Amino acid sequence: MSTTVTDSYCGLCGERPTSDAHQSCQQRLAMEPPRYCAQCRRRMKVQVTPLGWTAECSRHGRVTP
């Protein structure tokens, strides 16, 4: 029997999103790349270029805008 994780984490601070506490995080994520994986809360390897950004989780792979 396998279980699936449906909870997600904030891509900016790595905490679980709550009602109003992460309003500023959502606004900042519109301008900045995520720093944490939304699936597992691991810190990601982020590369910012003049054309955009890429982020890579060691378990879940690459995240693009």
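The values are calculated or read from the model by the stated rules, or taken from the named source; none is laboratory data. Because the structure is a prediction, the values reported are computed rather than measured. Here Cβ is always computed from backbone atoms with ideal geometry, including for glycine, and neighbour counts include all displayed protein chains. Side chains included, ligands, DNA and RNA excluded: accessible areas come from the protein's heavy atoms. Shrake-Rupley method; radii C 1.70, N 1.55, O 1.52, S 1.80 Å.
Simple point charges give the picture: +1 on the Cβ of Lys and Arg, -1 on the Cβ of Asp and Glu, and for the chain a dipole about the Cα centre of about 260 debye. Looking at the square roots a ≥ b ≥ c of the eigenvalues of the Cα gyration tensor of the range 6-65, which shape do they give, rounded for a/c under 1.5, prolate if a/b is larger than b/c, or oblate? Note, shape of the range 6-65 comes out oblate. If R0 is 22 Å, the Cβ-Cβ spacing of Glu15 and Arg62 corresponds to a FRET efficiency of close to 0.45.
Accessible surface for the chain, divided over its residues, is 79 Å² per residue with a 1.4 Å probe.
For the chain, the share of accessible area belonging to carbon and sulfur comes to 48 percent (1.4 Å probe, ligands and nucleic acids excluded). You can think of it this way: the chain between Lys45 and Met31 has 3.3 nm of extra reach, that is 0.36 nm per residue less the Cα-Cα gap.
Taking all Cα pairs closer than 8 Å and separated by 6 or more residues, the relative contact order of the chain comes to 26 percent.
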